[in-house]
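The values are calculated or read from the model by the stated rules, or taken from the named source; none is laboratory data. This is a predicted model, so every value here is computed, not measured. Using ideal geometry, Cβ is built from the backbone for each residue, glycine included, and neighbour counts are taken over all protein chains shown. To get the accessible areas, we keep the full protein, side chains included, count just its heavy atoms, and leave off ligands, DNA and RNA. Shrake-Rupley method; radii C 1.70, N 1.55, O 1.52, S 1.80 Å.
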Amino acid sequence: MQFSATQIAGLINGKVEGDPEVAVDSFGKIEEARPGQLAFLANPKYEDHLYTTRASIILLNDHLALKGKVQATLIRVPDAYLAFAALLSKYQEMVKQHLTGIQEPSYISTTAMLGEHVFIGAFAYIGEDVKIGNHTKVYPQVYIGDGVNIGEDSVILPGAKIYSGCVIGKQVTIHAGCVIGSDGFGFAPQTDGSFKKIPQMGNVVVEDGVEIGANTTIDRATIGSTLIRAGAKLDNLIQIAHNVEVGNHTVIAAQAGVSGSTKLGKNVMVGGQVGIVGHLQIADGSRINAQSGVTKSLKTPNSAVTGSPAYDYTSALRSQVAVRHLPDFEKRIQELERKLAQLLAVNS
Amino acid sequence: MQFSATQIAGLINGKVEGDPEVAVDSFGKIEEARPGQLAFLANPKYEDHLYTTRASIILLNDHLALKGKVQATLIRVPDAYLAFAALLSKYQEMVKQHLTGIQEPSYISTTAMLGEHVFIGAFAYIGEDVKIGNHTKVYPQVYIGDGVNIGEDSVILPGAKIYSGCVIGKQVTIHAGCVIGSDGFGFAPQTDGSFKKIPQMGNVVVEDGVEIGANTTIDRATIGSTLIRAGAKLDNLIQIAHNVEVGNHTVIAAQAGVSGSTKLGKNVMVGGQVGIVGHLQIADGSRINAQSGVTKSLKTPNSAVTGSPAYDYTSALRSQVAVRHLPDFEKRIQELERKLAQLLAVNS
Amino acid sequence: MQFSATQIAGLINGKVEGDPEVAVDSFGKIEEARPGQLAFLANPKYEDHLYTTRASIILLNDHLALKGKVQATLIRVPDAYLAFAALLSKYQEMVKQHLTGIQEPSYISTTAMLGEHVFIGAFAYIGEDVKIGNHTKVYPQVYIGDGVNIGEDSVILPGAKIYSGCVIGKQVTIHAGCVIGSDGFGFAPQTDGSFKKIPQMGNVVVEDGVEIGANTTIDRATIGSTLIRAGAKLDNLIQIAHNVEVGNHTVIAAQAGVSGSTKLGKNVMVGGQVGIVGHLQIADGSRINAQSGVTKSLKTPNSAVTGSPAYDYTSALRSQVAVRHLPDFEKRIQELERKLAQLLAVNS
């Protein structure tokens, strides 16, 4: 699909400077783009590229005054980064429109209820009593267990697996390989040293607007629901254990893990590879630095922690610096002991 | 399915107090349950809920004396938690009974041998010379490579992949997205800086009663077998490298990783996100705290370690506390140096 | 398939000592092998097994002088380990030869272009405009999105998912459950605390000779390409974020994660469970110890780091040892303070 500068300016309420008829068919970075591509300049640090870029169209902040000659057609907007994002969204929307209908072979239970304009990819499995909302796309090789309910405008990418009884909201995106609703890790130790499985009878509820990354796993509750609240964003390869609750607009980076029954508040930010032990309360707005190990509830909203075990960010950083000086400390303590011993010998 | 208090008491050898005809159709937590649900009270800490719960039936420990009026019908048992677990198991068993037969389309090699009452889901792939035991369930989109042997009463959940030549025991559960038998990570460095793959010719042997979590990966041995011994329980997103051995009833929490050729003994407990380097011996009953990095063999049975690198749990905790005081230590050392210098100046 | 000692010696240019007609049909470890198996002895530490092994054929280094009687037929080579690896490669090559053709049912878009002698497994999905090179094997349940281009002699194992627009080179191996080209984790914070998705419009480019482990995830670039350069080797459950670049012959161990836009140079070695923050430069030949957290660019080639946060390997190890002595330091500081206070009291 080709778009002219005029068409693009119309989509994002921008003003064209230069040739309004020049057309593009894809996107590039300002420093790498080729003719026929559209790029943007948001960070003034990269302004030099503006005068050398080969891109045909550049989105640019309104206020930026040019210091030289620009070959590309400019489209001025209040915020070039947001305008670019909006443009990409609209482009993706157009691309997605055509993805509808049911590919064969797929397996759709006779009791499943599919909304209008859904897409069901080849080799997808739709269990008994499943409900799928309008415009939702289920990619090839996805598994939707019995009784699962998925809202409108959601996207389940190739090979994701949703166990029976889980509930997925509207405008949810679940990436490839994601597993939703696997059994929680619950085993009762027996006197002979073996373990007896505790049946995991709950489900997972994923609310509206959530995005879940590739190969992330979210276990079903033992009883009740593991809960991912509206607007939360989870990256790849994350582990969410049974009965966990992730609050609204909480963001979790890749490879982090949250143990059973822990509740994360709203707008929490969890760094990559963080581990959080079970049965904790993490206050709204908490920030947990990458690789931290959180062993106690965080009760003060908007506080930041780091380290394993994690504690107050500023103190922990000071300790981390001090650790590097430790071998030096040891020498200084030895020196003090030596001098003091001499002094004491003299004074005795 | 509805069950009366009398029927349930019969299943778990309990004694009914209250209306024996009241019926339930599902399970809930004592504090959240609605009428028509069954809940349990095991921890006396939560006894207050007993007098306010809306659940229709409560499983309760024999010895607990009531302090108030209870609306629900009670079923008395020696251990309410175990009785609840037993009840859930029986319920799941009934639910599972109906899952049998072969869904179409599936791919079953003509040389595969399927036991009685097996379930093969749609889009499952069963390779050449595969053997599958009686009552085993292979969910949709599972891949069973050539020559794989699976025992009786096992469950392979959607999309799990078992490479050729692996051996899976009886009553094994393998969750969705799990990969068993992928190539070990073995490459011989070449003089030009490149790497030459060492073919991985062994397999993975998973013994009876093992449970393996979602998206966990277990690599095949270079030669011989990577071995998961009977009764071991592995959580989600775990990495088990080639030629590792996991002992009987050893429990590994999510996102832990065990490097090549390491042998874990029996009844070892490995915390979440633990890393264990290769070629170690971990003694029976060792406990490795979450996020630890184990760099040396643990030779004393039943010992506990923490930290990265990991060492004795109690000492490591003491050091972790001391680290927090480090910036203070630095000030105290400076103060000592200053005072001592003054003293020395006076004494010289 | 059975091979005689003479046939095997011919394949690897070895010299036979003992019965040239003895035959083997599989491989074993020298200490575990049974009659009919071939094993090797490379490490002189294990020489004792040579005199007790039940293997029928042993590959042995030229220079090793026998200290006792050996039952097995020996094949002498300059380097027994490399010869064994070469032999396994040749064996695997023979086994693979027969894997060709298209299994049904599979879904192959009419616009897809398949090379000669390709294998497409059952339930594989091949999207529009996909190109697959000669001799490439696409295992069952693999998903190849629209416009993906895969070179010759590559192997995509069961259930791997490659999103639209990605480019895979020649002789690439992608293991089961791997996800290539999922959306990068990019969300713009909004003033109401919610997040707006930044469309991820780039792709992933995997160059020739790369191997990628099971359930590893590699996100597509926001714009441009996430790049895995020729000869790189990635283990299982690794996270590679958007716009990352992994250099030639760089090796990454299991469960490591690399955050957005970080560039790893050539011949870097990244240990298991390492985390690397975004927008860093990691110099050629850097070695990053397992579980390290890299927070700053590594600018000196061939340097080694460890710890979280990571710094110079030798210094960090010294600090780690000192941390264990910290409780002792505290006592020594207290003792110094006490003695000094006494001295000062005496001198005042």
(message) Through the Karplus equation 6.51 cos²θ - 1.76 cosθ + 1.60, θ set to phi - 60°, convert the phi angles of region B:297-305 into ³J(HN,Hα) values in whole Hz; use x for Gly and Pro.
(response) 4, 9, 9, 8, x, 6, 8, 10, 10
(request) Would you mind giving the mean number of other chain beta-carbons within 10 Å of the Cβ of each residue in C:245-257, as a whole number? (result) 5
(message) For Cα pairs less than 8 Å apart in space and 6+ apart in sequence, what is the mean separation divided by the residue count of region C:3-95, i.e. the relative contact order in percent?
(response) 28 percent
(request) Work out the FRET efficiency for C:Q71 and C:E93 from their Cβ-Cβ distance, taking R0 = 30 Å, and round it to the nearest 0.05. (result) 0.50
(message) Let me check the size of region A:1-86 from its C-alpha atoms; what are the radius of gyration and Dmax in Å?
(response) 11.2, 33
(request) For every helix of n ≥ 4 consecutive DSSP H residues, a contribution of -39,500 (n - 2.57) applies; sum these over the protein assembly as shown, divide by its total residues, and give [θ] at 222 nm rounded to the nearest 500 deg cm²/dmol. (result) -5500 deg cm²/dmol
(message) What is the sum of charges, Lys and Arg at +1 and Asp and Glu at -1, for the other residues whose Cβ falls under 15 Å from the Cβ of B:F3?
(response) -3
(request) Could you calculate the FRET efficiency of C:T295 with B:D62 from 1/(1 + (r/R0)^6), where r is the beta carbon distance between them and R0 is 60 Å, rounded to 0.05? (result) 0.60
(message) Using only the Cα atoms of region A:178-309, what are the Rg and Dmax in Å?
(response) 14.4, 47
(message) On alpha carbon coordinates alone, what is the Rg over Rh value for the protein assembly as shown, Rh being the Kirkwood radius?
(response) 1.00
(request) With both partners inside region A:178-309, how many of the DSSP beta bridges are antiparallel, as a percent to the nearest 5? (result) 10 percent
(request) Would you work out which of C:S89, C:L64, C:A9 lies farthest towards the positive end of the dipole of region C:3-95? Charges go on Cβ: Lys and Arg +1, Asp and Glu -1. (result) C:L64
(message) Could you compute the net charge surrounding B:I75? Neighbours are other residues with a C-beta less than 10 Å from the C-beta of B:I75; K and R count +1, D and E count -1.
(response) +1
(request) Give the ranking of A:D146, B:D48 by solvent-accessible surface, highest area first, calculated with a 1.4 Å probe. (result) B:D48, A:D146
(request) Rounding to the nearest 20 debye, state how big the charge dipole of the protein assembly as shown is about its Cα centre with +1 on each Lys and Arg Cβ and -1 on each Asp and Glu Cβ. (result) 3180 debye
(request) First compute the accessible area of chain B with a 1.4 Å probe, then give the percent of it belonging to carbon and sulfur atoms. (result) 51 percent
(request) Please build a GNM for chain A, connecting alpha carbons under 10 Å apart, and tell me which residue among A:I288, A:I223, A:I238 fluctuates the most. (result) A:I223
(request) Lys and Arg at +1, Asp and Glu at -1: add these up for the other residues within a Cβ distance under 15 Å of A:I282 and post the number. (result) +3
(request) Quick one: which residues, 5+ away or cross-chain, put their amide H under 5 Å from the amide H of C:G257? H built at 1.01 Å from N. (result) C:Q239, C:V274, C:G275, C:I276
(message) If the elastic network links every pair of Cα atoms under 10 Å, which of B:S286, B:S308, B:S154 fluctuates the most in the Gaussian network model of chain B?
(response) B:S308
(request) Could you tell me the total accessible area buried at the B-A interface, probe 1.4 Å, in square angstrom to the nearest hundred? (result) 4900 Å²
(message) How much of the pair distance distribution for region C:253-348 lies past 15 Å, counting alpha-carbon pairs only, in percent?
(response) 66 percent
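Give the ranking of C:E104, C:E245 by solvent-accessible surface, highest area first, calculated with a 1.4 Å probe.
Values: C:E104 120, C:E245 50 Å².
The ordering from most to least exposed comes out as C:E104, C:E245.
Taking every pair of alpha-carbon atoms in chain B, give the share separated by more than 24 Å as a whole percent.
Tail fraction, whole percent: 68.
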(message) With every protein chain left in place and a probe of 1.4 Å, what is the accessible surface of B:R34, to the nearest 10 Å²?
(response) 110 Å²
(message) So if I place +1 on the C-beta of Lys and Arg and -1 on the C-beta of Asp and Glu, and nothing else carries charge, what would the dipole magnitude of region A:1-149 be about its Cα centre? I want it in debye, nearest 20.
(response) 440 debye
(request) Quote the charge dipole size of chain C about the Cα centre in Debye, to the nearest 20; the model charges only the Cβ of Lys and Arg (+1) and of Asp and Glu (-1). (result) 1080 debye
(request) Pull up the DSSP beta bridges for the protein assembly as shown and report the antiparallel fraction as a percent, rounded to 5. (result) 15 percent
(request) From the P(r) of region C:100-171, can you give the percent of Cα pairs sitting at distances over 18 Å? (result) 20 percent
(request) Rounded to whole Hz and in sequence order, give me ³J(HN,Hα) for region B:51-64 from the Karplus expression 6.51 cos²θ - 1.76 cosθ + 1.60, θ = phi - 60°, writing x for Gly and Pro. (result) 8, 10, 4, 9, 4, 7, 9, 10, 7, 9, 5, 3, 7, 6
(request) Among the trypsin sites (Lys or Arg not before Pro) in region B:1-56, which ones are in a DSSP loop with at most 10 other Cβ atoms within 10 Å of the Cβ? Mind listing them? (result) none
(request) Find, among the GluC sites (Glu not before Pro) in region C:1-65, those assigned to loop by DSSP (not H, G, I, E, B) with at most 11 other beta-carbon atoms within 10 angstrom. (result) C:E21
(request) Using only the alpha-carbon atoms of region A:1-149, report the extent along each of the three principal axes, biggest first, to the nearest angstrom. (result) 65, 24, 23
(request) Just reorder A:T262, A:T222 by solvent-accessible area, largest first, 1.4 Å probe, all chains present. (result) A:T222, A:T262
(message) For a quick check: with amide H placed at 1.01 Å from N, whose amide H comes under 5 Å from C:V246's, ignoring anything fewer than 5 positions away on the same chain?
(response) C:L227, C:I228, C:R229, C:L264
(message) Can you give me the C-alpha center-to-center distance between region C:288-332 and region C:36-53, rounded to a whole angstrom?
(response) 40 Å
(request) Just tell me which aspartates and glutamates come within less than 14 Å, Cα to Cα, of A:K196; anything on the same chain fewer than 8 places away is out. (result) A:D183, B:D208, B:E211
